[in-house]
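Notes follow once the structure below has been shown.
Nothing in this text is a laboratory measurement; each read-out follows from the coordinates by a stated rule. All values derive from a computational prediction rather than experimental measurement. Positions of Cβ are generated from backbone atoms using ideal geometry, with glycine treated the same way; all protein chains shown enter the neighbour counts.
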Amino acid sequence: MNKRRLNVAMIGYGFMGRAHSNAFRQAGSFFDSPFELRLKTVCGRNRARLEEMASAWGWEEIATDWETVVSQPDIDIVDICTPNYLHAPIATAAAQAGKIVLCEKPLANSVEEAESMTAAARKVPTLVWFNYRRVPAVSLAKQLIARGRVGEVYHYRAVYLQSWGKDPRDPGAWRFDPVEAGSGVMGDLLSHSLDLATWLNGSVRRLCAQVHTFAEGRRVDDAVTVLVEFSNGSIGTFEASRFATGNLNRNAFEINGSLGALRFNLEEMNHLAFNDLGGDAAEQGWRRMLVTGPRHPYAEHFWPPGHVLGYEHTFICTLSDFLSALEKNERFHPDFADALEVQRLMKAVTESSTSRRWIDVSPSAVSVSQASGPI
Ligand code: SOE
């Protein structure tokens, strides 16, 4: 079959640039796709680092001026993995030039920016790299919930815990700059947990939060705790921290329902724990499933059952699902509109912490339909 070639330009080249480059290279090998992705241009400020990126990952060209790159006629996809403050101008210019736009999370530095990006991109396909939806174990959790195996949800409990904020390798890094990053742990980690929660458990009705900074003189948040009421009647707790000593990348949730309970921790990402409350009470208990097939999400695209996957596969699966939606001319989730909902929740978190009160969040049609839709 003749594949349609899509030329990719990636703006940014840090840790996420490597994760995305790998996905662009691997997606077509693991998944059957009508598209052939060509790694055309990698763009950023530092020529030496761009040259390293190009030679390590096979980018054909390097460029230092994103404004020129995003309007080039031979570019089909613009992928953004820059510091957060550049997401809005690059995404807006790329969408206005008619490009497909992929963007790292959080979508923007404010709701206003996220709204205007979403409006600018309403006619082009978009993707936001909330990659943890595509961990096979998380996708299986979504399927079990959709099949009614958890029943009525009572509790949604999420933590995203890292510890590097206490002793950062580079204290001047953009992630600590409020102008460049927009926020600290909130956009970096809490945004992932909020995205997963609204996908798995539906929209949020109200929330109450505490935002805290431990490091003296630091101008972004180090830790956030949130109490939540969901529209489905369940209640939730969220904790995100870069000071959770002893934890490296613990992105975890537990869901307790009337018929079953689910537990996931990214640090053991090939496993999902399920406590099925149906049947004989004497036989109930946590069952830790190795989610690598048979019949598990994404399993047939990779290795035989029991041959585990890693962090990089979450980006490959995200991109492959996006390409398959593109082929069918269907809307992909999470897109800009979905990420705008996360941005609204983060704004409510800030407002609640500042005003020390509960904040009502009006549920939007987007997140409600997502929670009940297919994976
Ligand atoms: C750093 O805190 C980081 O790389 C985040 O930016 C990612 O989004 C998260 O997936 C892992 O941690």
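With both labels modelled 7 Å from their Cα along Cα-to-Cβ, the residue 289 to residue 245 distance reads 3.8 nm.
Set against the 2.2 N^0.38 Å expectation for a compact globular protein, the range 159-210 has a Cα radius of gyration ratio of 1.36. The ranking of 286, 174 from fewest to most other beta carbons within 10 Å of each one's beta carbon is 286, 174. Summarised in one figure, the compactness ratio Rg/Rh of the chain, Cα atoms and Kirkwood Rh, is 0.96. Only helical runs count toward this figure. For the chain, summing -39,500 (n - 2.57) over DSSP H runs of n ≥ 4 and dividing by all residues gives -10000 deg cm²/dmol at 222 nm.
One decimal place: the segment residue 32-residue 237 gains 69.9 nm when fully extended, by the rule 0.36 nm per residue minus the C-alpha distance. Here the contact order of the chain, divided by its residue count and restricted to Cα pairs under 8 Å and six or more residues apart, works out to 19 percent.
With a Förster radius of 22 Å applied to the beta-carbon distance between residue 5 and residue 330, the computed FRET efficiency rounds to 0.55. The calculated FRET efficiency for residue 311 paired with residue 25, based on their beta-carbon distance and R0 = 22 Å, is about 0.90. Note: the range 294-364, Cα convex hull, 155 Å³ per residue.
Taking a point 7 Å out from the Cα of residue 356 in the direction of its Cβ, the residues of the range 218-262 whose backbone N falls within less than 18 Å of it are 225-227.
The fewest-to-most ranking of 179, 42 by surrounding Cβ atoms within 10 Å reads 179, 42.
Think of the range 4-131 as having a plus end and a minus end, set by charges on the Cβ of Lys, Arg, Asp and Glu; of 7, 26, 98, 26 sits farthest toward the positive end of this dipole.
Note on the chain: with a GNM built from Cα contacts shorter than 10 Å, the maximum mean-square fluctuation among 340, 190, 86 falls on 86. Computed over the range 4-131, the range of Cα coordinates on each principal axis works out to 37, 34, 29 Å, biggest value leading. Backbone geometry of the range 195-205 corresponds, through the Karplus equation with coefficients 6.51, -1.76 and 1.60 at θ = phi - 60°, to 3J(HN,Hα) couplings of 4, 4, 5, 6, 6, 7, 10, x, 6, 9, 9 Hz, x marking Gly and Pro. Modelled this way, with points 7 Å down the Cα-to-C-beta line, the labels at residue 64 and residue 276 are 6.1 nm from one another. Over the range 4-131, Cα pairs under 8 Å with separation of 6+ residues give a relative contact order of 24 percent. Of all beta bridges that DSSP places with both ends in the chain, some 55 percent have antiparallel geometry.
The gain in end-to-end length when the residue 123 to residue 72 segment is fully stretched comes to 16.5 nm, 0.36 nm per residue minus the alpha carbon separation.
Summing charges over neighbours of residue 160, with a neighbour being any other residue whose Cβ is under 9 Å away from its Cβ, gives -1 when K and R count +1 and D and E count -1. Return the subset of 123/347; 40/99; 3/40 for which the Cα-Cα distance in this structure is over 24 Å, preserving the input order. Over 24 Å apart, Cα to Cα: 123/347.
The loop-placed trypsin sites (Lys or Arg not before Pro) in the range 279-367, going by DSSP, that have at most 11 neighbouring Cβ atoms within 10 Å of their Cβ come out as 295, 356, 357.
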